[in-house]
Amino acid sequence: MATVLKPRDYKSDAHINWCPGCGDFGIVTAVQMALAEMQIPPHKIAVFSGIGCSGKTPHYIHAYGYHTLHGRVLPVAAGAKLSNKDLTVLALGGDGDGYGIGSGYFVNAGRRNVDFTYIVFNNSVYGLTKGQGSPTLSKGLQTKSMPEAAIQDGINPLALAVSSGYTFVARAFALDPKNLASLIVAAVQHRGSSFIDVLQTCPTYNDLYTAEWYNHTKDGGPRLYRLAETGYDGKVTDPGNADEVIAKKVQAIAKSYEWGEKIPTGVYYDIDLPTYEDELTARNPRYGREPLVATDFSDRNLDPLLDALR
Ligand code: SF4
């Protein structure tokens, strides 16, 4: 009888050294729940991270893991997926890592549509380096370790993702791991580049976006709500219909600016388009038959190429 994998089967034995109460705990739990729900064997999973508190996440997941360089998680994850298309590839990183130094990679990964999932731990500060304001901190806000309020405005990661070409764009909350796990399952099962911006509490340095702030408005009601419960539909039904694609992109971008007394979570935009791997296979059917890592190139005759270059 086949073994049923549980979330605990995706836990490594590494000691977790995030601060007590950090929202990162909710995210790693959600990843483990999602992997168990999909029953993906650990040896078929590769988890990549950039630098920051979130960069430690692959250490805590029982799967292949690679802690890359600051801002460089996406090219490494994409390269791994293209080399071994049979892997489930997760890229993880913070907002400073992905939307700051990694912003060029963030945009260009979207337009390629390689089949992987990018999960951003968005806490609006650089937690690992003592809480400086990150690219998602809005102008005029001042967290407790900043000597003065932010002088520049923050970026809108969801609008940037939709504009860059990500084919699945969602937002979730780190302290709701069950809901986040269901979005991770949807993102992994989506063919193409999936992106989830996760609102993550940093109790050590961000005293503005706290669990209390996310959970209660001034009136006491919840600040976060689910798009799916309002009739919102981000799915493009006919990817060949430019009018529908534009309308759904405009809808997603408009919704991404809703931030304040109410903040939406869920799937903002979802479209089925050919992946980068599909395009490669169209050019070279051999790529579609077997992963590059399993391809034997030893009998390849390079003489014509070398002759052409002489
Ligand atoms: Fe989490 Fe913030 Fe501590 Fe980093 S500094 S581990 S983000 S609470």
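The values are calculated or read from the model by the stated rules, or taken from the named source; none is laboratory data. Here the structure is a predicted model, which is why all the values come from computation and not from measurement. So basically every Cβ, Gly included, is an ideal-geometry build from the backbone, and we count neighbours across all protein chains shown. Just so you know, the surface numbers come from the protein's heavy atoms only, side chains and all, with ligands and any DNA or RNA stripped out. Shrake-Rupley method; radii C 1.70, N 1.55, O 1.52, S 1.80 Å.
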Quiz item: Taking springs between alpha-carbon atoms closer than 10 angstrom, which of ASP219, ASP13, ASP272 fluctuates most in the Gaussian network model of the chain?
Solution: ASP219
Quiz item: So how much accessible area does GLU244 have, in Å² to the nearest 10, using a 1.4 Å probe?
Solution: 30
Quiz item: If you put +1 on each Lys and Arg Cβ and -1 on each Asp and Glu Cβ, how big is the dipole of the chain around its Cα centre, in Debye rounded to 20?
Solution: 340
Quiz item: Among THR265, THR68, THR237, whose mean-square fluctuation peaks in a Gaussian network model of the chain (Cα, cutoff 10 Å)?
Solution: THR237
Self-check item: Relative pair counts by distance (%), Cα atoms of the range 236-275, 5 Å bins
Solution: 5, 23, 26, 20, 13, 8, 4, 1
Self-check item: Rounded Å value of the spacing that divides the Cα centres of the range 248-310 and the range 91-125
Solution: 15
Quiz item: Taking the Cβ-Cβ separation of VAL293 and ASN241 as r and a Förster radius of 41 Å, what is the calculated FRET efficiency to the nearest 0.05?
Solution: 0.60
Practice problem: Determine the gain in length on full extension of the stretch LYS139-LYS6; use 0.36 nm per residue of separation and subtract their C-alpha separation, reporting nm with one decimal. | Solution: 43.6 nm
Quiz item: Once amide H atoms are built 1.01 Å from N in the peptide plane, which residues 5 or more positions from GLY131, or in another chain, come under 5 Å H to H?
Solution: TYR126
Practice problem: Quote the FRET efficiency, to the nearest 0.05, computed for LEU128 versus ASN284 with a Förster distance R0 of 30 Å and r equal to the Cβ-Cβ distance. | Solution: 0.15
Quiz item: How many angstrom separate the Cα center of the range 210-236 from the Cα center of the range 141-180?
Solution: 15
Quiz prompt | Cut-off 12 Å, label 7 Å out along Cα→Cβ of ASP13, residues of the range 52-70 by amide N | solution = none
Quiz item: By accessible area of protein heavy atoms, probe 1.4 Å, what ranking do TYR257, TYR268 get, highest first?
Solution: TYR257, TYR268
Exercise. Take peptides 247-254, 22-29, 105-112 and line them up by average Cβ neighbours within 10 Å, highest first, as a rough protection proxy.
Key: 22-29, 105-112, 247-254
Quiz prompt | Near-label residues of the range 66-97 by backbone N, under 20 Å of a point 7 Å along Cα→Cβ of GLU258 | solution = none
